[in-house]
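Reading through the structure tokens given below for one structure.
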Amino acid sequence: MHGPHLKVIAINGSARKGGNTAILLRYVLRELEMEGIETELVELSGMKIHGCLSCRKCAARRDGMCAQTGDMGNPLIEKMALADGILFGSPTYVSDVTPEIKALMDRACIVAKANDSMFRHKVGASVVSVRRAGAIHVFDSLNHFFLINEMIIPGSSYWNIGIGRDIGDVEQDEEGIATMKTLGRNMAWLLQNLKSPMAMPELAEIVSQ
Ligand SMILES: Cc1cc2nc3c(=O)[nH]c(=O)nc-3n(C[C@H](O)[C@H](O)[C@H](O)COP(=O)(O)O)c2cc1C
């Protein structure tokens, strides 16, 4: 394999394991893998994860961790900190993200802010499954996490949305699947160019700062 070792962690916020959001995420991950990028898919379904307590202890400790223990918050924050790219997936729940992924986003964001923007210059992307309406709001919510954390977001041929209700329905959404594949290729391109001093020396210099 050529170039640096790169890893993308995908986090699926759906309450339904292996559902439409997982299917969409896997299309993105497959493209990344074809480019030699290591991937891992974590499904929050069934996991214990609480929201932020606003205790501000992370700001006092500054150890890259949340003060809450005993749930999946810190293990997931650690996985995100170690990855080069973070891919979020959420179904649309009443026009919004799921409570599980919101809990993780809130805690990871406050911890990152307390620790010198520890996700700075990572690549971030998000995908959304939806039956009918509300997906753009979900897409925006997920992307707000990346933007406030000084991360870099690749685009695709459309906004990263797949349409379907029952598990597997998104496979019928040809444009949605094509959007996921293009996203995967663009995410791989961005990761490889950001991390390769040969490809973009001036950018690599900024990223290493
Ligand atoms: C609690 C709940 C709320 C939902 N709200 C919406 C909604 O606001 N708009 C919509 O189009 N679909 C809505 N859906 C449908 C899901 O977004 C859709 O079935 C999606 O494909 C599920 O993805 P999954 O298989 O990854 O869980 C909702 C589903 C659930 C369970």
Considering residues that are within 14 Å of the ligand (Cβ to nearest atom) and free of Cβ contacts under 8 Å to residues at least 60 places away in the same chain, the number found within the stretch 11-35 is 2
Residue hits (the stretch 171-188; within 11 Å of the ligand (Cβ to nearest atom) and among the charged types (D, E, K, R)) are 173
Of those in the stretch 36-70 that are among the acidic types (Asp, Glu) and closer than 29 Å to residue 162 by Cβ, the residue farthest from the ligand (Cβ to nearest atom) is 38
Log entry, pairs with first residue in the stretch 149-170 being more than 8 Å from the ligand (Cβ to nearest atom), second being of a type in the set (Phe, Trp, Tyr) and modelled with pLDDT of 95 or more, beta carbons closer than 6 Å, six or more apart or on different chains, reads 149/119; 151/119; 153/146; 159/139
- Just to be sure, is residue 5 surrounded by 14 or more Cβ atoms within 10 Å (Cβ to Cβ), out of contact with any Phe, Trp or Tyr (no Cβ under 8 Å at 6 or more places or on another chain) and in a loop (DSSP other than H, G, I, E, B)? no
Practice task
Evaluate the following for residue 45: is it within 18 Å of the chain's Cα centre (by Cα) and farther than 26 Å from residue 158 by Cβ?
Solution key: yes
Open item on the list: So, residue 110, is that one away from the ligand (no atom under 13 Å from the Cβ) and either in contact (Cβ under 8 Å) with a residue 24 or more places away in the chain or farther than 22 Å from residue 32 by Cβ (or both) or not?
Closed with: yes
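The values are calculated or read from the model by the stated rules, or taken from the named source; none is laboratory data. These numbers were taken from a predicted model, which means no experiment stands behind them. Quick reminder, even Gly has a Cβ in these numbers, built from the backbone with ideal geometry, and neighbours come from all protein chains shown.
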